[in-house]
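Below: one structure, written as structure tokens.
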Amino acid sequence: MNVSRFRIRPFETSDAASVCEIYYRSVHGVAIAKYTQAQVDAWAPQVPEASSWLPSLSGYHTYLAVDEEDRAVAWISMTSAGYVDMLFCLPEALGRGVAGKLYDTVEQMAIERGLTGMTTHASLLAQPFFAKRGWNVVKHEFYERNGVALPRAEMSKELNG
């Protein structure tokens, strides 16, 4: 898989299984740097069923970064209200600008739609990524996943258009 060259494209129904795999591999291969094994296992105990994720993925503005063979290496989803719900990359795609390009795509969409701000709940790993792009922590919090507390931050960004 060559992730040095990638392009951004909209999510298609046939991408659901790939997105679920990226989610699982990202949590277990990337988030483990900031979370315990118990937290990672609670967060993503298995690869999600594509059919159960398809409605939300299709209902959000979801974009994929794909390599030269059109294989997904990362993805992002945002609601129409500007809530960045998910942003996940394969471990081998980290540090290649993939997440930044995905993020730029949805921020530009939010600006074009006339939104005045964006929000998210960022993992410990994602907080510096968002902060680098002008986001601010509203509050730190814990949420429970499968009986395990996971730290995160509610973050927001004002958009100037």
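For segment 3-19, the count of residues that are surrounded by fewer than 20 Cβ atoms within 10 Å (Cβ to Cβ), modelled with pLDDT of 95 or more and either aromatic (Phe, Trp, Tyr) or closer than 22 Å to residue 121 by Cβ (or both) is zero.
Sub-7 Å Cβ pairs linking a first residue in segment 82-96 that is farther than 12 Å from residue 129 by Cβ to a second residue that is hydrophobic (A, V, I, L, M, F, W, C) and modelled with pLDDT under 95, at least 6 apart or interchain, are 91/30; 92/1; 92/3; 93/3; 96/3, ordered by first then second residue. Checked against (1) of a type in the set (S, T, N, Q); (2) out of contact with any Phe, Trp or Tyr (no Cβ under 9 Å at 6 or more places or on another chain); (3) closer than 25 Å to residue 148 by Cβ, residue 46 passes all but a single condition, namely (2).
Okay, residues lined up against (1) farther than 23 Å from residue 138 by Cα; (2) without any contact (Cβ under 8 Å) to a residue 40 or more places away in the chain; (3) within 16 Å of the chain's Cα centre (by Cα):
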{"site": "15", "(1), (2), (3)": "yes, no, yes"}
{"site": "21", "(1), (2), (3)": "yes, yes, yes"}
{"site": "25", "(1), (2), (3)": "yes, no, yes"}
{"site": "49", "(1), (2), (3)": "yes, yes, no"}
{"site": "114", "(1), (2), (3)": "no, no, no"}
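Per-residue answers, yes or no, for (1) hydrophobic (A, V, I, L, M, F, W, C); (2) buried (at least 19 other Cβ atoms within 10 Å of the Cβ); (3) part of a strand (DSSP E or B):
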| position | (1), (2), (3) |
| --- | --- |
| 32 | yes, no, no |
| 45 | no, no, no |
| 51 | no, no, no |
| 74 | yes, yes, yes |
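Condition check ((1) in a helix (DSSP H, G or I); (2) among the basic types (Lys, Arg); (3) surrounded by 14 or more Cβ atoms within 10 Å (Cβ to Cβ); (4) in contact with a helix residue (DSSP H, G or I) (Cβ under 9 Å, 6 or more places away or on another chain)) across all residues:
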residue	(1), (2), (3), (4)
57	yes, no, yes, yes
70	no, no, no, no
107	yes, no, yes, no
114	no, no, no, no
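The values are calculated or read from the model by the stated rules, or taken from the named source; none is laboratory data. Being a predicted model, the structure only gives us computed values, none of them experimental. Neighbour counts are summed over all protein chains in view; Cβ atoms, including those assigned to glycine, are modelled from backbone coordinates with ideal geometry.
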